[in-house]
1. Assigned to a loop (DSSP other than H, G, I, E, B) and either modelled with pLDDT under 95 or surrounded by 14 or more Cβ atoms within 10 Å (Cβ to Cβ) (or both): is that true of Gly78 in this structure?
2. Kindly establish whether Ser84 is among the polar types (S, T, N, Q) and closer than 18 Å to Ala128 by Cβ.
3. Regarding the stretch 108-115, can at least one residue be identified that is surrounded by fewer than 17 Cβ atoms within 10 Å (Cβ to Cβ), more than 15 Å from the chain's Cα centre (by Cα) and more than 9 Å from the ligand (Cβ to nearest atom)?
4. Going through the stretch 81-101 one residue at a time, which ones are more than 6 Å from the ligand (Cβ to nearest atom), part of a loop (DSSP other than H, G, I, E, B) and out of contact with any Leu (no Cβ under 9 Å at 6 or more places or on another chain)?
5. Look at the stretch 22-48 and say how many of its residues are in a loop (DSSP other than H, G, I, E, B) and under 13 Å from Gln72 (Cα atoms).
6. If you scan the stretch 49-98, which residues turn out to be on the phi > 0 side of the Ramachandran plot and touching a strand residue (DSSP E or B) at 6+ places or on another chain (Cβ under 9 Å)?
7. Enumerate the pairs (first residue in the stretch 95-119 and more than 18 Å from Ala131 (Cβ to Cβ); second residue anywhere and part of a loop (DSSP other than H, G, I, E, B)) with beta-carbon separation below 8 Å, excluding pairs fewer than 6 apart on the same chain, so at least 6 apart or on different chains.
Amino acid sequence: MVKTVTLVSLCLVLLLGCSTAPQPVLYQRLGADEGINAIVDGLLFEIEHDDRIVHHFADTDISRFRAMLAEQLCDLSGGPCQYSGSTMQESHTGFNISLADYDALVEGLIKVMQRQQVSIADQNALLALLAPMYKDISYR
Ligand code: HEM
């Protein structure tokens, strides 16, 4: 009897232990620096080939944009970075970015994440972190 109780308790501990094991943070799930850099490069490619929005980037220092976006995504997703760029409001003022522009960029981002086989749950987790920025980015 005691043996059965001990065995049941042991099984419970093992089961609970497994089900509560911490999930790696989103940063890791996106492939850490390598995965995030690939997402950013993929997004730059999408922007470059998207006639709806590419004009906004005509005068942009692309190497800075690339570095700042990678740093921001690393920071937001729980990675070991601290975003050091301008605020979203500062960097998007003067561009009059519309909802359609925003959607076009997000569409590109989703394409890239799908190409990189980021799971739907992780795509949604990243998009959910970006969504609140819309108000600071648009119509400035
Ligand atoms: C998911 C939403 C977005 C995020 C997270 C984001 C993030 C960023 C970051 C980190 C920078 C660099 C800031 C710096 O230089 O310090 C930046 C700049 C810029 N973003 Fe966005 N952005 C978003 C949406 C958009 C959209 C929808 C457009 C236009 C279609 C856009 C156009 C630009 C442009 C043109 C710059 C460069 C500004 C300059 O030349 O100084 N962004 N963005």
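The values are calculated or read from the model by the stated rules, or taken from the named source; none is laboratory data. These figures come from a predicted structure and were not determined experimentally. As a convention, Cβ positions derive from the backbone with ideal geometry for all residues, glycine included, and neighbour counts pool all protein chains shown.
1. Values: assigned to a loop (DSSP other than H, G, I, E, B): yes; either modelled with pLDDT under 95 or surrounded by 14 or more Cβ atoms within 10 Å (Cβ to Cβ) (or both): yes.
The answer is yes for Gly78.
2. Details: among the polar types (S, T, N, Q): yes; closer than 18 Å to Ala128 by Cβ: no.
No: the conditions fail for Ser84.
3. no
4. Across the stretch 81-101, the qualifying residues are Gln82, Ser84, Thr87, Thr93, Gly94, Asn96, Ser98.
5. Here is the first cut: in the stretch 22-48, the residues in a loop (DSSP other than H, G, I, E, B) are 22-25, 30-31.
Next cut, under 13 Å from Gln72 (Cα atoms) only: none.
Number of matching residues: 0.
6. Of all residues in the stretch 49-98, those on the phi > 0 side of the Ramachandran plot come to 78, 94, 96.
The answer is Asn96, and nothing else.
7. Sorted first by the residue in the stretch 95-119, then by its partner, the pairs are Phe95/Arg140; Asn96/Tyr139; Asn96/Arg140; Gln116/Gly31.
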